[in-house]
Amino acid sequence: MSATTRPGEREARPTGSAEAEGGASREPAVEVVDLEKTFPAPGGGTLTAVDGVSFSVARGEVFGFLGPNGAGKTTTLEIVEGLQSPTAGVTRVLGLDSHRDRNRMKERIGVQLQAGAYFDYLTLEEILDLFGSFYPRQVAPEALLDKVGLLDKRKALVKQLSGGQAQRFSIVASLVNDPEVVFLDEPTTGLDPQARRNLWDLVQAIHDEGTTVVLTTHYMEEAEFLCDRVAIIDNGRIQALDTPLELIHGLPAAYRIVFATHQDVNDGELAALPGVVEVASPANGAATHELRVSRAQVTLPSFLDWASGRGVEVDDVRVLPATLEDVFLSLTGRSLRE
């Protein structure tokens, strides 16, 4: 882990380069230009689900769409996968038009299905064997199940799996054709924290093998941990697109200094400390105060000097980095969880 990597954050890898080895130009794995999708509204008129979305995904990248339910994430993904037609715009995968070249494209991509989409009375092994038979190239079911620790379940039915096992199977089923790009739509929704972390490890393993991964999520910590770049989407539009770290560092207050004291403090003096963007006073007589700051390394020494000089006893001083939740709040004026 590098000196600039935060706990729980992967060290940055070189991705998104337009130059391949030897200096040759590399085509993006996914390219979307001015994508629009409208649906008939129940009361008449139209509902815009995707509104002028443009982005590209480099080969070998983990690219994430972060946004609340109804933001347009799934609709965008389904158009890119060739499952829906766009109202306007162009989508290409591996240089192939998602709709004109859909059959050729599907041979080279993997799409995660939900657990309920599988056959009720086929075993895991039989499902993978069946799915693999649809493609010119396929990976042996035993190898796929071994990859996700389900080899001992090869004779089981999907309905006999736990939630985490079913999600692992749904991801590995998208790999039957050894795809170059894998699309995962909210792969960890409904899982407990341990099962979610296991899925993160699986996604990382797929990526480490050189596969491009495009995923949607409404979990900010998932996007921070997994994604090389993140597109924050709301109301069908991309509000921001960058690496998680750059999105966070783009905030006016990229850190919070939280401390507790039972003594009276002067908010004006705290606000005058270098780097302080905002002072959040405790509510309802609570002892916890919060300073929202641009650079913690500048503010923290000044804050400690201030507390010592004023004779203010402070406890539980913590420096907390901002998150993608804070970025979403800054961009949209509301919480990602609302």
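The values are calculated or read from the model by the stated rules, or taken from the named source; none is laboratory data. On a predicted model such as this, the values are computed, not experimentally measured, just so you know. Glycine also receives a Cβ, built like all others from the backbone with ideal geometry; neighbour counts cover every protein chain displayed.
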Checklist entry - Hey, HIS207 hits all of (1) more than 26 Å from LEU35 (Cα to Cα); (2) of a type outside the set (Ser, Thr, Tyr); (3) in the same structural domain as ARG59 (by TED's automatic domain parsing); (4) modelled with pLDDT under 90 but one; which does it fall short on? => result (4)
Checklist outcome for this item: Residue pairs within 6 Å by beta carbon, gap of at least six or interchain, first lying in the range 272-298 and surrounded by 17 or more Cβ atoms within 10 Å (Cβ to Cβ) and at pLDDT 80 or above, second acidic (Asp, Glu) and not in a strand (DSSP E or B), listed first then second, are VAL279/ASP267
Item to check | Residue that is farthest from THR123 (Cα to Cα), among those in the range 145-168 that are without any contact (Cβ under 8 Å) to a residue 12 or more places away in the chain and of a type in the set (D, E, K, R) | outcome: ASP146
Next on the checklist: Please return the ranges of strands (runs of 3 or more DSSP E) entirely within the range 32-103 where 2 or more residues are among the small types (Gly, Ala, Ser), in contact (Cβ under 8 Å) with a residue 24 or more places away in the chain and assigned by TED's automatic domain parsing to the domain that holds VAL214.
Outcome noted: 46-57, 88-93
Checklist entry - Does any residue of the range 122-135 turn out to be outside any helix (DSSP H, G or I), in contact with a Lys or Arg (Cβ under 7 Å, 6 or more places away or on another chain) and farther than 22 Å from PRO187 by Cα? => result no
Next on the checklist: Which residue is farthest from GLY250 (Cα to Cα), if the candidates are limited to the range 175-203 and must be touching a residue at least 60 places away in the same chain (Cβ under 8 Å) and part of a helix (DSSP H, G or I)?
Outcome noted: LEU175
Checklist entry - From the set of residues in the range 221-267 that are in a loop (DSSP other than H, G, I, E, B) and acidic (Asp, Glu), which is modelled with the lowest pLDDT? => result ASP264
Checklist outcome for this item: Those residues of the range 53-106 which are of a type in the set (Gly, Ala, Ser) and over 22 Å from MET220 (Cα atoms) amount to GLY82, SER85, ALA88, GLY89, GLY95, SER98
Checklist entry - Do we find that ASN198 is surrounded by 16 or more Cβ atoms within 10 Å (Cβ to Cβ), of a type in the set (S, T, N, Q), farther than 24 Å from LEU320 by Cβ and assigned by TED's automatic domain parsing to the domain that holds VAL62 in this structure? => result yes
Next on the checklist: Looking for something within 20 Å of ASP228 (Cα to Cα), in contact with a strand residue (DSSP E or B) (Cβ under 7 Å, 6 or more places away or on another chain) and surrounded by 16 or more Cβ atoms within 10 Å (Cβ to Cβ) - is there at least one such residue anywhere in the range 149-171?
Outcome noted: yes
